[in-house]
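K.L.:
Have a look at the structure that comes next, please.
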Amino acid sequence: VDEPGLCSFTFPALVDRNPVVLSVSSDGNAPMLARLLRSRLELMLPANYGRIAQLLGELRGPVAERITDPAQRLRFWEDLVDGPVAELVLAGREAEARTHITAVLARTAGVRGEVWLVGAGPGDPDLLTIKAWRLMQKADVVLYDRLVAPAIVDLCRKDAERVYVGKRMAEHSLPQQDINALLVSLAGEGRRVLRLKGGDPFIFGRGGEEIEALAEHRIPFQVVPGITAAAGCACYAGIPLTHRDHARSVRFVTGHRRDGAVQFRGDDFLDEEETLVFYMGLVALPDICRGLIEAGRDPTTPAALVQQGTTARQRVLVGSLASLPDIVASHDVKAPTLLIIGGVVTLHQKLSWYEGGASD
Ligand code: SAH
């Protein structure tokens, strides 16, 4: 460095705020001048200046997508760096900076946030609808719960923010009101929010409650149906839900009630030609079977429990109202499961075609 005559290139003095780098060179004439200038520039650039550049870099794609007019886009960037965003980042308040940027972006582009309530089907990713897949590639943020298989969440846009909001029968990681409020606030920031639900959003999915909150706040939404567990499990278990010889109707029932009680009153469930499908019925399975027998159903009525239908871990346990509870108790059954009751269950033996992969 000190023998310019021997050098074919010179080292500049660097101010390194990765990814922002300033270099000062005197082309070998006065290295100390370059060093002096560098130390002055050091003072001008706060230590985490690089974070601003990183943040803007992250936003380039989304901003270009939202603001297609180049002049308008340039103004957006200039306003952004001139505004409070840089200060917030330098102060280490990056989350706030992001919120601010998203809000400005929504205003600038005139883009209103939106929520897509999308059914993800029962488990097999191939059972997603084309529309579900398309919206999964567009969403900025994805809210999903436990019923949605990881393989499906993986299919969402790579840079989409993923938020797990839980939801199991007895254990809600986020109370329903909080999920509703989160949807409203994310969409309020101008984001395109994908609410991904297992099966179909309008079948025991509380989808109705979620979009009610959106409607109240005048947030635009779409609802995309999904293959509900009954349809998925029935097909993959070879149990047609209706059949001219066995059932002329099918009824979807929840096996879980807020008060925990399962009651079958009158002759409500006595139609031998109706297939009954119980969602969320694993815990109450013995009560359901006993209750139906006590209400007057034949104890030999065929019944099947489909575990994790349409996935590699699908398993089908078959018995009757009288025998199924013991059969289930003697297996290590994993949720989610679906209970199918009625003459159609006898067809399983002949029509079963999907093997899953699980063994005992
Ligand atoms: N909206 C969902 C149902 C949510 S309630 C739908 O339309 O399918 C959750 C219940 O769905 C579970 O308790 C279970 O009974 C059923 N379920 C969901 N996926 C299932 C699967 N792959 N196999 C068996 N049952 C399933």
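The values are calculated or read from the model by the stated rules, or taken from the named source; none is laboratory data. These numbers come from a predicted model, not from an experiment. Counting neighbours? That spans all protein chains shown, and the Cβs are built from the backbone with ideal geometry, glycine included. To get the accessible areas, we keep the full protein, side chains included, count just its heavy atoms, and leave off ligands, DNA and RNA. Shrake-Rupley method; radii C 1.70, N 1.55, O 1.52, S 1.80 Å.
K.L.:
Starting from region 130-141, take each residue that is of a type in the set (S, T, N, Q) and list its partners that are modelled with pLDDT under 95, counting only C-beta distances under 7 angstrom and pairs at least six apart or across chains.
P.N.:
GLN137/ARG157
K.L.:
Further, regarding this structure: Only one residue in PRO62, PRO84 is open to solvent by 40 Å² or more (accessible area, probe 1.4 Å), away from the ligand (no atom under 16 Å from the Cβ) and without any contact (Cβ under 8 Å) to a residue 24 or more places away in the chain. Which one?
P.N.:
PRO84
K.L.:
Just for region 112-131: of the residues that are away from the ligand (no atom under 13 Å from the Cβ) and under 25 Å from ARG218 (Cα atoms), which one is most open to solvent (accessible area, probe 1.4 Å)?
P.N.:
ARG112
K.L.:
Next question, about the same structure. Checking the conditions here, which among GLY205, GLY266 is at pLDDT below 95, more than 23 Å from PRO336 (Cβ to Cβ) and out of contact with any Leu (no Cβ under 8 Å at 6 or more places or on another chain)?
P.N.:
Being at pLDDT below 95, more than 23 Å from PRO336 (Cβ to Cβ) and out of contact with any Leu (no Cβ under 8 Å at 6 or more places or on another chain) holds for just one of GLY205, GLY266, which is GLY266.
K.L.:
Quick check on my filter: what residues within region 1-18 are surrounded by 13 or more Cβ atoms within 10 Å (Cβ to Cβ) and within 27 Å of ILE101 (Cα to Cα)?
P.N.:
Within region 1-18, ARG17 is the sole residue that qualifies.
K.L.:
A follow-up question, please. Mind counting the residues in region 281-303 that are open to solvent by 50 Å² or more (accessible area, probe 1.4 Å), within 13 Å of the ligand (Cβ to nearest atom) and either farther than 19 Å from CYS233 by Cα or without any contact (Cβ under 8 Å) to a residue 60 or more places away in the chain (or both)?
P.N.:
1
K.L.:
Pick out, from region 278-360, the strands (runs of 3 or more DSSP E) lying fully within it that include 3 or more residues that are in contact with a Leu (Cβ under 6 Å, 6 or more places away or on another chain).
P.N.:
302-307, 337-341
K.L.:
From GLY232, GLY199, which residue is within 12 Å of the ligand (Cβ to nearest atom) and closer than 14 Å to TYR144 by Cα?
P.N.:
GLY199
K.L.:
Take residues that are of a type in the set (Phe, Trp, Tyr) and either over 13 Å from the mean Cα position of the chain (by Cα) or surrounded by fewer than 18 Cβ atoms within 10 Å (Cβ to Cβ) (or both) and tell me which of the strands (runs of 3 or more DSSP E) falling wholly in region 139-225 contain 1 or more.
P.N.:
Here the list reads 161-164, 221-224.
K.L.:
Let me ask you something else. For SER26, which of the numbered conditions (1) open to solvent by less than 80 Å² (accessible area, probe 1.4 Å); (2) at pLDDT below 90; (3) out of contact with any Leu (no Cβ under 7 Å at 6 or more places or on another chain) fails to hold?
P.N.:
Condition (3) is where SER26 drops out.
K.L.:
Okay, next question. If you scan region 306-356, which residues turn out to be basic (Lys, Arg) and touching a strand residue (DSSP E or B) at 6+ places or on another chain (Cβ under 8 Å)?
P.N.:
Within region 306-356, ARG313, ARG315, LYS334 meet the criteria.
K.L.:
Any idea which of VAL306, VAL277, VAL344 is open to solvent by less than 20 Å² (accessible area, probe 1.4 Å), modelled with pLDDT of 95 or more and more than 15 Å from the ligand (Cβ to nearest atom)?
P.N.:
VAL344
K.L.:
For region 331-338, does any single residue satisfy the condition of being within 18 Å of ALA247 (Cβ to Cβ), touching a Pro at 6+ places or on another chain (Cβ under 9 Å) and within 13 Å of the ligand (Cβ to nearest atom)?
P.N.:
yes
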